[in-house]
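Written out below as structure tokens is the structure these notes cover.
Values in this text are rule-based calculations from the coordinates and carry no lab data. Nothing here was measured: the structure is a model prediction, and the numbers come from that model. As a convention, Cβ positions derive from the backbone with ideal geometry for all residues, glycine included, and neighbour counts pool all protein chains shown.
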Amino acid sequence: MNDFNELINGLCRPFPPETYQPRHDGHGVYIPIRYYIERLNQVASDHWSHERVGEPIFYEDDKFVHTVVKVTIMGRSHMGEGFSRYQTDDKGKIINRHYAIRSATKDGIRDAISFFGIGKDLESATKPTAAKVKENERVDHSIQKLICIKCNRELSDYEVRLLQSHKVKLTYCEDHIPSHFLKK
Ligand SMILES: [Zn+2]
């Protein structure tokens, strides 16, 4: 077995069940991207890298950003596509642009490494497409999923109640809510 295959085998080791999260659309499970990045850093260390290719594209109708990402592992590369939703203020200006791009780029890394076979067992459940994002968008409108404007993480019921109880209009997760909002 050569070094490349050995590395890929190490990257493809199953993740512990406690890393599995239920998907937001209710279909199956996914593994948050931070676990993949942790794995890449542990197993491949400086033998892997990623770069965003071209400029991110913002789709205003659906409020999502699309990025193309190239992941290289030991000199071999695959391209991936990433998507992330963004939020706008009441004038239509994007308020979490930087985080939305980062989040889409991470999603693109997940997509790119799937072409190396990493996360293959979950691939059918996690592979994003524009159509799927639009579908989710429609679902999300009906159930009002809220995401943090800083990190794009979906808010828990507790966090939504926390914002409501302090009459905070913007959506922040517990980690990013500015402390002065909580002093009231
Ligand atoms: Zn946050």
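Listed cross-link partners Lys70/Lys106; Lys93/Lys150; Lys91/Lys169; Lys63/Lys167; Lys106/Lys169 are compared with a 21 Å cut-off, the Cα-Cα value being larger for Lys63/Lys167; Lys106/Lys169.
Mind ranking 168-181, 95-108, 73-86 by how tightly packed they are, going by the mean number of other C-beta atoms within 10 angstrom, highest first?
Result, highest mean first: 95-108, 73-86, 168-181.
What does the charge count around Leu163 come to, taking other residues whose C-beta lies under 10 Å from its C-beta (Lys +1, Arg +1, Asp -1, Glu -1)? That sum, taken over residues with Cβ under 10 Å, equals +1. Summarising the amide proton neighbourhood of Asn96: residues at separation of 5 or more, or on other chains, whose placed amide H is nearer than 5 Å comprise Gln87.
Close amide-amide hydrogen proximity is noted between Ile147 and Leu155, each under 5 Å apart and 5 or more residues distant or on a separate chain (H modeled in the peptide plane; Pro and chain starts excluded).
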